[in-house]
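To start, the structure itself, in structure tokens.
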Amino acid sequence: MTNPLKIAYENVLAPMLQRPRRIQVAALCTRDHDGSRQVLLVTSRDTGRWVLPKGWPIKGLDAAGAALQEAWEEAGVKKANINEDPFGVYGYDKRLDGGLEIAVDVTVFETKVEKIVDDFPEADQRTRKWVAPAEAAEMVHEPELQALLRQM
């Protein structure tokens, strides 16, 4: 008879520990308002947590282009200048629909917003809010993202 713990480790736990981290891209949307810099946060669709607009890479777009596409779909950013050089990277554990968590590294691109609209693909699924970077750092849950926002 085989040890059930050994089977569980070899067939479930070990493969999960050996999987590479997945990659997402995010837009750190900023604007100048009344003489100070602000950051745009949106709520996630599943938990309602405050996050940056982000998503998986998109075929046919470079990383910055995919981040800009996510800013449009999730936050209504219609026109912006995105810095092609990453602002930073943060990690988090993403819970998939089935409940499995996967490790994700998010490459963040600073995006200076020129035009934002109220009618965008996920407008009825998300709330958005402009806040100071220090306030944004308090609103998000990911420690590495908090650090990126505080360095602004």
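What the table below lists for this structure:
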item: Whichever residue in region 127-152 is in contact with a Phe, Trp or Tyr (Cβ under 7 Å, 6 or more places away or on another chain) and among the acidic types (Asp, Glu) and, among such residues, is surrounded by the fewest Cβ atoms within 10 Å (Cβ to Cβ); result: GLU144
item: Region 112-126, subset touching a residue at least 40 places away in the same chain (Cβ under 8 Å) and either out of contact with any Gly (no Cβ under 8 Å at 6 or more places or on another chain) or among the acidic types (Asp, Glu) (or both), residue surrounded by the most Cβ atoms within 10 Å (Cβ to Cβ); result: VAL113
item: Some residue of region 69-76 being closer than 19 Å to ARG150 by Cβ, in contact (Cβ under 8 Å) with a residue 24 or more places away in the chain and crowded, with 17+ Cβ neighbours inside 10 Å; result: no
item: TRP56 vs. criteria among the aromatic types (Phe, Trp, Tyr) and either more than 21 Å from GLU84 (Cβ to Cβ) or surrounded by 19 or more Cβ atoms within 10 Å (Cβ to Cβ) (or both); result: no
item: Residue count, region 115-135 (criterion: in contact with a Lys or Arg (Cβ under 9 Å, 6 or more places away or on another chain), part of a strand (DSSP E or B) and closer than 16 Å to GLU73 by Cα); result: 2
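Only the coordinates and a few stated rules stand behind these numbers; no lab work does. This is a predicted model, so every value here is computed, not measured. Methodologically, a virtual Cβ is constructed for each residue, glycine included, from the backbone with ideal geometry; neighbour enumeration extends over all protein chains shown.
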